[in-house]
Amino acid sequence: MQQRVSWNSKLGLILAAAGNAVGLGNILRFPSKAALYGGGAFMVPYFVALVLMGLPLMIIEWVIGRYAGRHGHGSMTGILGLFFNHASWARVLGSIGVAIPLLICMYYIYIESWTLGFAFLSLFGKMPTPVINSDAHEAVKPYVNFFKEYTKPSIMAYFFLVLTLLINWFILQKGIRRGIEITAKIGMPAIIVFGVFLGIICISANNWKGFEGLKFIYNLNFSGITNPVVWVEAAGQIFFTLSLGMGAIAVYASYVNPKEDVIKAGIWTALINEFVEVVIGASIAIPAAFAMFSSVVIPELAQEGTFRLGFMTMPAVFMSFPLGWLISFIWFMLLFLAALTSSLALIQPLIALFEDEMKWGHTKSVSVSMIFVIIGAHFSAFIPNFIDELDFWAGCFMLLLFGLLEIIIFIWIFGMNNFYKELTQNTKIILPKAFFYVVAVVSPFFIFSILYFWVVKDFKNIVFTEEPTKIVARLFILLFLVFLSIIAVKSRKIIMRDIRYTK
Ligand code: LEU
C-alpha cells in the first residue's frame with residue numbers, strides 16, 4: 001500500500017488538531033449560549049456533557065482515525081467501510097460523516113469571510129463611529145445597520161468571500177504538512193495571544209466591571225438541570241466546539257504515524273480547545289457587554305443570536321475604547337484565524353474521500369472539493385434561511401446522530417476488546433476499561449435522550465415548513481448526500497480491486 005502522508009512533528013499535529021477544534025464556536029457561539037441559558041446554570045450540563053460525551057468521543061475518533069489511516073482510509077466513507085468488509089451500505093452510511101463537515105463548511109466559510117472583511121474595515125477606519133450611550137440598543141444601532149448593509153450581501157462582502165475561498169484553497173493545495181500544519185503553527189499561538197490580550201482588556205474594562213461577566217458565567221448552579229433545552233444546547237455546544245460527530249477529528253488522526261500516542265493527542269486537543277473556550281471565550285464577549293451595558297440586557301442581547309454579539313455588539317464596545325479600530329481589528333483577526341483553521345478541517349474529509357477512495361491526485365481532489373464549497377458558500381450568501389437550515393440539520397441534528405452511530409459502531413460492533421486493544425497501543429496514559437464500559441452505555445443513552453426530547457417531541461414543528469428557501473436548503477442537503485452515496489458505491493470497486501491486487 002502507498003505510504004500515507006503524515007504530520008511533520010508532534011507539535012504540528014497537536015496544533016493542527018487544536019486549530020480544527022478551536023473556532024467560532026469557542027469565541028462566539030459559546031458565550032452566546034452561556035448568556036442565553038443563564039451563565040452558571042448552563043455550565044453544569046456543559047461540563048457533564050464534556051466529561052461523559054466530549055472526551056470519550058474525542059478519544060474514540062483519534063483511535064479510529066489512527067487505525068483507519070494505517071489501512072489507507074481517512075474519510076468516514078472509507079472508515080465505516082473498513083469495519084464492515086467494505087460493504088456498500090456501510091460506505092453509504094459513512095458518507096453522512098463526509099456530508100456533515102462539508103455542509104457546515106458551506107456556511108461557516110461565509111461567516112469566516114465576514115470576519116476577514118470586518119478586520120480590514122476596522123484597520124482602514126471604515127467602521128461606524130461609536131455612539132456613547134449606556135442604552136445598549138442605542139449604542140449598537142449604527143453597527144446593526146452597518147452589518148445589515150454588509151451582509152445584503154454587498155460587493156465588499158462578496159470580495160472578501162472570494163478572498164477567503166482562495167485562501168482556503170491555497171492552503172489545502174499545499175497539503176497536510178506545508179498547508180494545514182504550517183497555518184496551525186502560526187495561527188494557534190496568534191489566537192492565544194490575541195485572545196488573552198482581549199480577555200484582559202474586557203475583564204478590566206470600566207473599572208473591572210467586566211469581571212461581573214466572568215462571575216455570571218462561573219456562578220455555577222443547578223437551576224438548568226431540569227430543563228431539557230439546556231441539556232440539548234450544552235451537548236450540542238460540546239459536539240460543535242470539539243468538532244465531534246463529523247469525521248473531522250478522525251480525518252486528521254488518520255495522518256498520524258502509526259506509533260503515535262493518540263490518547264495524549266486527544267487529551268491535548270480537548271484541553272487546548274477548552275482553554276480557548278471556557279477561559280478565553282468566557283473572558284471576552286460577555287465581560288465586555290457587562291462592562292458597557294447593564295447586566296439585564298445581556299440575555300436579551302444573546303437572544304438575538306451569535307452574529308449579533310460578534311458582529312454588532314462587540315465592535316460597538318471595542319470602537320468606544322481608545323485605539324478602538326485596533327482592538328476591533330484584533331477581535332476580527334482572532335475570529336478569522338480561529339475560523340480558518342477550522343474550515344480547513346471541514347474540507348479535508350472530502351479531499352480524503354477523493355484521494356483515498358477514488359485514488360485521485362491531490363490537485364484534482366482539492367479542486368473538486370473547493371468547487372463544492374464555492375457552490376455552497378454562494379447559496380449561503382444569496383439564499384435567505386440557507387445558513388440557519390444548514391446549521392440546524394448539519395450543525396446540530398446530524399452531528400448528534402452521527403456521534404451516536406460512532407459509539408455504536410466503534411465500541412459495540414467493533415467490540416470492546418478490539419477497541420481497547422487498539423486504544424492501548426503505544427500509549428503511556430492508561431484509561432481504565434471500566435471507563436469505556438460506562439461510556440458505551442451512558443453516552444448513547446445521553447445522546448438518545450437529547451434527540452428524543454428535542455426532535456421526536458417537537459418533530460412536527462421542526463420538519464414541516466412551507467418556506468420555499470428552507471425547502472431549497474433541504475433539497476440541497478439531500479442531493480449532496482445522494483452524490484456522496486454514489487461516490488461511496490462507485491469507489492468501492494476501486495478499493496476491492498486494490499485489495500485483490502495486494503493479496
Ligand atoms: N469546532 C469548530 C468551532 O468551534 C467548528 C467545527 C464545525 C469545525 O468553531
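The values are calculated or read from the model by the stated rules, or taken from the named source; none is laboratory data. The structure presented is a predicted model; accordingly, all values stated were derived computationally and were not measured. Here Cβ is always computed from backbone atoms with ideal geometry, including for glycine, and neighbour counts include all displayed protein chains.
Specify which of the listed residues (ILE100, ILE111, ILE132) is within 15 Å of the ligand (Cβ to nearest atom) and closer than 30 Å to SER320 by Cα.
The conditions single out ILE111.
Taking the condition at pLDDT 90 or above, more than 14 Å from the ligand (Cβ to nearest atom) and buried (at least 24 other Cβ atoms within 10 Å of the Cβ), does PHE318 pass?
It is true that PHE318 is at pLDDT 90 or above, more than 14 Å from the ligand (Cβ to nearest atom) and buried (at least 24 other Cβ atoms within 10 Å of the Cβ).
Quickly run through the stretch 227-250 and pick out the residues that are assigned to a helix (DSSP H, G or I) and more than 11 Å from the ligand (Cβ to nearest atom).
PRO228, VAL229, VAL230, TRP231, VAL232, GLU233, ALA234, ALA235, GLY236, ALA250
Taking GLY94, is it surrounded by fewer than 24 Cβ atoms within 10 Å (Cβ to Cβ), away from the ligand (no atom under 16 Å from the Cβ) and of a type outside the set (S, T, N, Q)?
No: the conditions fail for GLY94.
Which condition number in (1) free of Cβ contacts under 8 Å to residues at least 12 places away in the same chain; (2) more than 22 Å from PHE47 (Cα to Cα); (3) not in a helix (DSSP H, G or I) is the one that TYR255 fails?
Unmet condition: (1).
Can you pull out every residue in the stretch 18-34 that is within 8 Å of the ligand (Cβ to nearest atom), aliphatic (A, V, I, L, M) and within 13 Å of GLU233 (Cα to Cα)?
Hits for the stretch 18-34: nothing passes.
Take the residues of the stretch 471-489 that are in contact (Cβ under 8 Å) with a residue 60 or more places away in the chain and not β-branched (Val, Ile, Thr): which is farthest from ALA377 (Cα to Cα)?
Top of the filtered list is ALA488.
Test TRP89 against the stated conditions and say whether it is assigned to a helix (DSSP H, G or I), touching a Gly at 6+ places or on another chain (Cβ under 6 Å) and at pLDDT 95 or above.
No: the conditions fail for TRP89.
Which residue is surrounded by the most Cβ atoms within 10 Å (Cβ to Cβ), if the candidates are limited to the stretch 364-373 and must be in contact with a helix residue (DSSP H, G or I) (Cβ under 7 Å, 6 or more places away or on another chain) and closer than 15 Å to LEU166 by Cα?
That would be VAL366.
Go through the stretch 459-492 and report how many residues are out of contact with any helix residue (DSSP H, G or I) (no Cβ under 8 Å at 6 or more places or on another chain), outside any helix (DSSP H, G or I) and surrounded by 11 or more Cβ atoms within 10 Å (Cβ to Cβ).
1
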